[in-house]
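Asks: Okay, handing you the structure first.
The values are calculated or read from the model by the stated rules, or taken from the named source; none is laboratory data. Because the structure is a prediction, the values reported are computed rather than measured. Ideal geometry is used to build each Cβ from the backbone, glycine not excepted, and the neighbour counts take in all protein chains shown.
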Amino acid sequence: MKNFLILGLLAMLLFSVSAAMSLWLNQSKQQAEEKDKDKSKDDKPVAKAPKDAGPKEEPKPSGASKSPEGPSGASLETTARNLRDTEERNAQRAARLDVVVRDLQTQREATEAALRQVMNELKSVNTETTKLDALANDLKQKMVTFEAGEKKNIDKIASMYDAMAPEAAGPILKQMADTGRIDMAAKILVQMNQRKAAAVLEAMNDPPLALSILSKIQGLRAATPTGNGAPIVPAQGP
């Protein structure tokens, strides 16, 4: 779950960076175009006013007159070449910017796809978590029902052992404990009359086993504060 959240945050971060780069490049492209336009305007030839060198000369005869000077052919060719170079540079710059913008668009689409995938996986995880929570609650309810049924059965069995003589009940509970059901033996004894339970433990004639069962009984009483009063102590022999 934590990994999915980290992936989601990274995807959102990549998307933000991609959008910022795209905006910056677009602004740079516009600024470059404006600069090129200004430069093109500056490159245009400016007609210079003829300088006054002094008093005007007397008009010469019509045969010796010359037409006013205009822009020379070399100057026009240079200006045209400069314009072509500027246009070519602008075209190259625009092509490079277009490649960068396309690459950013591709990265943005990939980031958005990754973000959608992460969000879908998060939804799937949330769905699975909800199912697991429902399953855990169901198991808890079943455990509560089972423990309630088990307690009823143990109460009935404890009543039966209460009605038996300790010499008869002791060997049966000893066999139960020896066959790996010591927890069940402790649960039965903790529900019996305390004096009767102590006599049954004494009738087992197995002090180490009786101590093990007593340890189990103490644990059950600690887990159930409303259990029967004083601890069970096996009766001492003469």
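Asks: Can you name the residue in the stretch 152-206 that is among the β-branched types (Val, Ile, Thr) and part of a helix (DSSP H, G or I) and is also surrounded by the most Cβ atoms within 10 Å (Cβ to Cβ) among such residues?
Replies: Only one residue tops the list, namely VAL200.
Asks: Which one of the conditions (1) at pLDDT 90 or above; (2) more than 11 Å from MET204 (Cα to Cα) does GLU147 fail to meet, given that it meets all the rest?
Replies: The single condition GLU147 does not satisfy is (1).
Asks: Separate question: Given the conditions (1) over 30 Å from ALA197 (Cβ atoms); (2) in contact with an Asp or Glu (Cβ under 9 Å, 6 or more places away or on another chain), report the number of the one that GLN107 does not fulfil.
Replies: (2)
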